[in-house]
Amino acid sequence: MSASRSTAASRPRAIHTAREKFAGVLLIALSASAFGAMAIFARFAYAAGADVYGLLAVRFVLAAGALALAMRLRGVGLPPWRRVLALAAMGGIGYVGQSFCFFTALNHAQASLVALLLYLYPLFVTILAAVFLKERLSTASVTALVLCSVGAGLTVGGGQGSALGIALGLASAAIYSVYIIVGARLTAGVNPLATTTVVCAAAAVVYVAAGLLRTGAGVPPQFPQSLAGWLALLAIALLSTVLAILAFFAGLQRLGAARASMLSTLEPVVTVALAALVLGEHVGLTQALGGGLILAGVLWLTQKGGGSQEVQQN
């Protein structure tokens with residue numbers, strides 16, 4: 001009798017766990033899709049007359065405001081001021097540099113190519129951790145290194161973009177990897193929502209200041225000249241930044257870092273698919289094969305426990 005009661009009692013818990021995991025999968029898929037669509041929205045904003053300074057200033061101002069509101073509604077407080085200043089430096093330098101390189105690269109290369117190059121960052125994290133943190137390179141790490149290196153070569157060779165666009169795409173991945181290595185230490189023990197809010201607020205301050213300086217120099221930032229362009233810009237700030245980040249952290253709580261990281265590889269797939277469907281970009285066999293090898297390397301690295309992908313903040 002007691003055994004049957006125990007079995008009956010465990011069924012609701014099992015159902016609840018299954019539902020939580022399914023919800024986690026949907027949340028990470030939503031996050032990855034929103035992040036993946038960001039490059040497409042950026043192309044529409046650029047076509048409407050925006051430049052990288054205007055786009056990123058609006059993105060981070062709106063995102064910081066929305067995230068601060070989310071903090072208030074959830075009762076999340078700021079960490080000690082010393083930690084706030086460290087996070088602000090991380091956002092004002094690392095996140096600003098990464099976002100500038102990524103969004104500028106979109107003006108000089110295919111959105112699909114830039115997205116796939118950015119996804120080399122887990123590999124760069126592994127290399128940096130081995131060089132500076134003296135972490136041992138495992139067999140899985142070396143295998144991923146080979147897969148991603150070959151994949152990057154095929155992706156660049158099969159994609160369309162200038163040397164500047166390719167260099168900026170690689171720089172975006174490299175800066176992001178440093179950002180993650182530093183962030184892994186600075187964000188320890190800090191609520192992820194508070195971390196993201198401080199980082200976005202610092203980036204907003206930098207881009208607004210840059211806009212004011214450029215205005216004083218006679219080259220003010222450019223904003224969209226059409227409703228469609230402003231809608232694309234709002235989508236970057238609210239969908240591809242705020243919603244994407246909140247959905248990722250909600251999914252992370254339900255699935256854990258390893259599964260969330262593996263599902264996040266959907267992001268460049270979404271970008272490549274939307275670039276082909278919406279922008280009419282041609283994805284050749286060579287580029288598709290290269291992108292597949294990069295994703296295979298990232299998945300292999302994540303599954304075997306190598307690399308750091310706990311920071312998801314594109």
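Among the residues of the range 208-229, which ones are out of contact with any Lys or Arg (no Cβ under 8 Å at 6 or more places or on another chain), at negative phi and either buried (at least 22 other Cβ atoms within 10 Å of the Cβ) or not in a helix (DSSP H, G or I) (or both)?
Within the range 208-229, A217, V219, Q222, F223, P224, Q225, S226 meet the criteria.
Look through A232, A173 and report the one residue that is modelled with pLDDT of 95 or more, among the small types (G, A, S) and part of a helix (DSSP H, G or I).
Among A232, A173, only A232 is modelled with pLDDT of 95 or more, among the small types (G, A, S) and part of a helix (DSSP H, G or I).
When you scan the range 250-261, do you find a residue that is part of a helix (DSSP H, G or I) and touching a Phe, Trp or Tyr at 6+ places or on another chain (Cβ under 6 Å), even just one?
no
May I ask you to list the residues in the range 112-157 that are among the β-branched types (V, I, T), over 23 Å from R185 (Cβ atoms) and crowded, with 24+ Cβ neighbours inside 10 Å?
Result: V114, T155.
Which one of Q309, Q287, Q303 is at pLDDT below 80 and touching a Ser or Thr at 6+ places or on another chain (Cβ under 6 Å)?
The conditions single out Q309.
Look through the range 117-167, keep the residues that are outside any helix (DSSP H, G or I) and of a type in the set (G, A, S), and return whichever of them is nearest to T286 (Cα to Cα).
So the residue we want is G159.
Touching a residue at least 24 places away in the same chain (Cβ under 8 Å), surrounded by 19 or more Cβ atoms within 10 Å (Cβ to Cβ) and part of a helix (DSSP H, G or I): is that true of A184 in this structure?
Spelling it out, it is not the case that A184 is touching a residue at least 24 places away in the same chain (Cβ under 8 Å), surrounded by 19 or more Cβ atoms within 10 Å (Cβ to Cβ) and part of a helix (DSSP H, G or I).
Could you say which residue among A247, A228, A237, A260 is of a type outside the set (K, R) and over 15 Å from the mean Cα position of the chain (by Cα)?
A228
Out of curiosity, is G49 touching a Pro at 6+ places or on another chain (Cβ under 9 Å) and at positive phi?
yes
If a residue must be modelled with pLDDT of 90 or more, assigned to a helix (DSSP H, G or I) and surrounded by fewer than 20 Cβ atoms within 10 Å (Cβ to Cβ), how many such residues does the range 262-284 contain?
Here the count works out to 1.
Look through I40, I28, I93 and report the one residue that is in contact with a helix residue (DSSP H, G or I) (Cβ under 8 Å, 6 or more places away or on another chain) and more than 19 Å from V114 (Cβ to Cβ).
Exactly one of I40, I28, I93 is in contact with a helix residue (DSSP H, G or I) (Cβ under 8 Å, 6 or more places away or on another chain) and more than 19 Å from V114 (Cβ to Cβ), namely I28.
I'd like the residue in the range 14-57 that is touching a residue at least 60 places away in the same chain (Cβ under 8 Å) and among the hydroxyl-bearing types (S, T, Y) and, out of all such residues, is farthest from L227 (Cα to Cα).
Only one residue fits best here, namely S31.
Matching residues to (1) of a type outside the set (K, R); (2) within 19 Å of F103 (Cβ to Cβ):
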{"residue": "A237", "(1), (2)": "yes, yes"}
{"residue": "I245", "(1), (2)": "yes, yes"}
{"residue": "R254", "(1), (2)": "no, no"}
{"residue": "L274", "(1), (2)": "yes, yes"}
{"residue": "G280", "(1), (2)": "yes, no"}
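The values are calculated or read from the model by the stated rules, or taken from the named source; none is laboratory data. In this text, all values refer to a predicted model and were calculated from it rather than measured experimentally. Every residue, glycine as well, gets a Cβ built from its backbone with ideal geometry; the counts of neighbours run over all protein chains shown.
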